[in-house]
Protein chains: 2
Amino acid sequence: MNRGRTTDKNPIPSVWAREQRRTDQPALSREAIVREAVAMLDADGIEALSMRKLGARLNAGATSLYRHVATKDELMELAVDEVAAEIHVPPADSPDWRAAVTEAAESFRTTALRHPWLTLVLGQAGLAYLGPNYMSFSERLAALFTAAGFPEPSRAIETVFSYVMGMSNAEAAWLTTVARSGETEAGFIARLMPAAQRAAADHTHLAIPHAEVEEATTEPAALRDTKFAYGLEVVLDGLALRLPK
Amino acid sequence: MNRGRTTDKNPIPSVWAREQRRTDQPALSREAIVREAVAMLDADGIEALSMRKLGARLNAGATSLYRHVATKDELMELAVDEVAAEIHVPPADSPDWRAAVTEAAESFRTTALRHPWLTLVLGQAGLAYLGPNYMSFSERLAALFTAAGFPEPSRAIETVFSYVMGMSNAEAAWLTTVARSGETEAGFIARLMPAAQRAAADHTHLAIPHAEVEEATTEPAALRDTKFAYGLEVVLDGLALRLPK
DNA sequence: TCGGCTGTGCGTACAGTGTTCGCAACGAAG
DNA sequence: CTTCGTTGCGAACACTGTACGCACAGCCGA
């Protein structure tokens, strides 16, 4: 818990009674802090991360972290850039731009669902995510869309990734509440369905097709995959129309 | 600040020294609380809202609010539903479905920018926003897309509103940081441009077209309008392809 | 007119938060 | 050996959301 010295109810200021600084644990470092923060965020959600708990998991005091990180917000930015490295964007010279963009979009979604706090933090900050990994992600995207022949690649990118962000954010939020319930996704849906049906009863157009109910209660993850892919195809179709032929 | 009784450093338990309860202020009510919460959220942002400050603005103590609202999270849900009433969705029998959907999308965006905390709260909760106004918003959308002839209206809705949410969220976050800077949007951009240019210098494909820079520093709001409309057209084009003719 | 009941306000308190400050201990350099 | 810059951290501050229990107001039946 502590790293030595005069603690543990030993107020005698004696050099001899002093514990040695433990060196078996690797020293506190920015990298280690960020890595552990990401682990905690993934495991327990965004509101479970506190500087004190994070310090404890690193066998350090809370305030020690401030030697390596200016503020908690900065730590979150670093965490975002850390996981941004996981997003894979195919090289610009890919033969099929649609396949390449689809791959990038799905990679983003996968990352966002693996770290369900990602979209939340991204949405809170507005800009400034100019970390190296996030920058290179943007750069690779720009290269991809430019090579595809879009005259205004930034517009196309913004369109696709607004959709991807919106969808991923909604999915991540959903998965978070499912996780908090302690149930499996299918079980959670099954338990919620009656209430949903009742709520939709007064609203004629909100009825859920039977096939959808069926799939939602048996293979919810697959259904989400399908939905995401559907919307992505829609957006890509719309973009394809704007590609000078 | 307080509503009477033995306070203000008057520990003498005398009935005579007691102030009367003030009745000139309207009584605390759920509606008043939610209304004031929305006002505070709009004015000072999401992290500036605390139960104590909210209570103070209502001439009440912080804990008094809990007589009308179970928890702060519930208050946020109520706030979301409150502003959801501002979103306008045209009736289902509109002659031009594209125009109608565009109107709904722009109304959502306008509302989200007027209350920049909206998308944040929506993204944090995952579901459960089953308040009456949000429900009727969903219902009206469903009616609109059904009338337009979409065989799977929920898919189409999800696609459009993922885009709208993603875009609005990004814009809201941007406007929030601009507001925090205390500058105008154009001024903020002008001040940031050199840093952005420098950051993009190493990344060949991230160069910003000169025309865009020009417009961003003169009419940033109009540029955002244009960008939003562009992406929306893309999505609607993609959807139109799936409309059985 | 008199209870008593119910609903409402809120002072106090608790456990937690992010962050500042100053001190103590260390490794390296002179 | 002394000095110096770096690192860890205990204590403290100003907050946060919220549970608890008391004090009062208005009302309803007697």
* Name all residues of segment A:159-189 having a backbone nitrogen under 19 Å from the label point set 7 Å from the Cα of A:Q197 along its Cα→Cβ direction, giving them as ranges. => A:186-189
* To do: Could you give me the percent of Cα pairs per 10 Å distance bin for segment B:104-245, shortest bin first, beginning at zero and ending with the bin that holds the maximum distance?
  => 10, 32, 31, 18, 8, 0
* Structure fact -> Here chain B gives, from Cα atoms, an Rg and Dmax in Å of 23.5, 82
* Could you tell me which of rounded, prolate or oblate describes the protein assembly as shown, using a ≥ b ≥ c as the square roots of the eigenvalues of the alpha-carbon gyration tensor, with rounded for a/c under 1.5 and, failing that, prolate when a/b is larger than b/c and oblate otherwise? => oblate
* Asked: Can you pull the mean other chain C-beta count within 10 Å for peptide A:117-124?
  -> 4
* Asked: Based on the Kirkwood radius over alpha-carbon pairs, what is the Stokes-Einstein translational diffusion coefficient of segment A:104-188 at 25 °C with 0.890 mPa s viscosity, in µm²/s?
  -> 172
* **B:E86 paired with A:A240, simple spin-label distance in nm, labels 7 Å along Cα-to-beta-carbon** => 3.9
* To do: For segment B:30-69, compute Rh as the Kirkwood radius over C-alpha pairs and then the Stokes-Einstein diffusion coefficient at 37 °C and 0.692 mPa s; write the answer in µm²/s, rounded to an integer.
  => 332
* Structure fact -> Computed, not fitted: 222 nm per-residue ellipticity of the protein assembly as shown from DSSP H runs ≥ 4 (each -39500 (n - 2.57)), nearest 500, equal to -20500 deg cm²/dmol
* Structure fact -> Calc'd 3J(HN,Hα), segment B:212-217, phi into Karplus 6.51 cos²θ - 1.76 cosθ + 1.60 (θ = phi - 60°), Hz, glycine/Pro = x, comes to 5, 4, 4, 5, 5, 8
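Please arrange A:T146, B:T204, B:T176 by accessible surface area, largest first, computed with a 1.4 Å probe and ligands excluded.
B:T204, A:T146, B:T176
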* Structure fact -> If labels are modelled 7 Å from Cα along the Cβ direction, B:N133 lies from its partners in the other copies at nm distances, smallest first, of 3.9
* **Copies compared at B:T204 - label distances in nm, ascending, label defined 7 Å from Cα in the Cβ direction** => 5.9
* aspartates and glutamates within cross-link reach of A:K72: Cα-Cα under 16 Å, excluding same-chain residues under 8 positions apart? -> A:E31, A:E36, A:E47, A:D81, A:E82, B:E47
* Heavy atoms of B:W174 accessible to a 1.4 Å probe, total area in Å² rounded to 10 -> 50
* Hey, what do the phi angles of segment B:72-87 turn into as Karplus ³J(HN,Hα) couplings, whole Hz, using 6.51/-1.76/1.60 and θ = phi - 60°, x for Gly and Pro? -> 5, 4, 5, 4, 5, 4, 5, 5, 4, 5, 4, 7, 4, 5, 7, 6
* Structure fact -> The simple spin-label model distance between A:Y230 and B:R52, using points 7 Å out along Cα→Cβ, in nm, is 4.9
* **Accessible area of A:K227 in the full protein assembly, 1.4 Å probe (Å², nearest 10)** => 40
* Karplus 3J(HN,Hα) series, Hz, for segment B:150-159 with 6.51 cos²θ - 1.76 cosθ + 1.60 (x for Gly, Pro) -> 6, x, 10, x, 5, 5, 4, 4, 4, 5
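The values are calculated or read from the model by the stated rules, or taken from the named source; none is laboratory data. Predicted model only: the values in this text are computed from it and were never measured. Neighbour counts are summed over all protein chains in view; Cβ atoms, including those assigned to glycine, are modelled from backbone coordinates with ideal geometry. Surface areas here come from the heavy atoms of the whole protein model, side chains and all, with no ligands, DNA or RNA. Shrake-Rupley method; radii C 1.70, N 1.55, O 1.52, S 1.80 Å.
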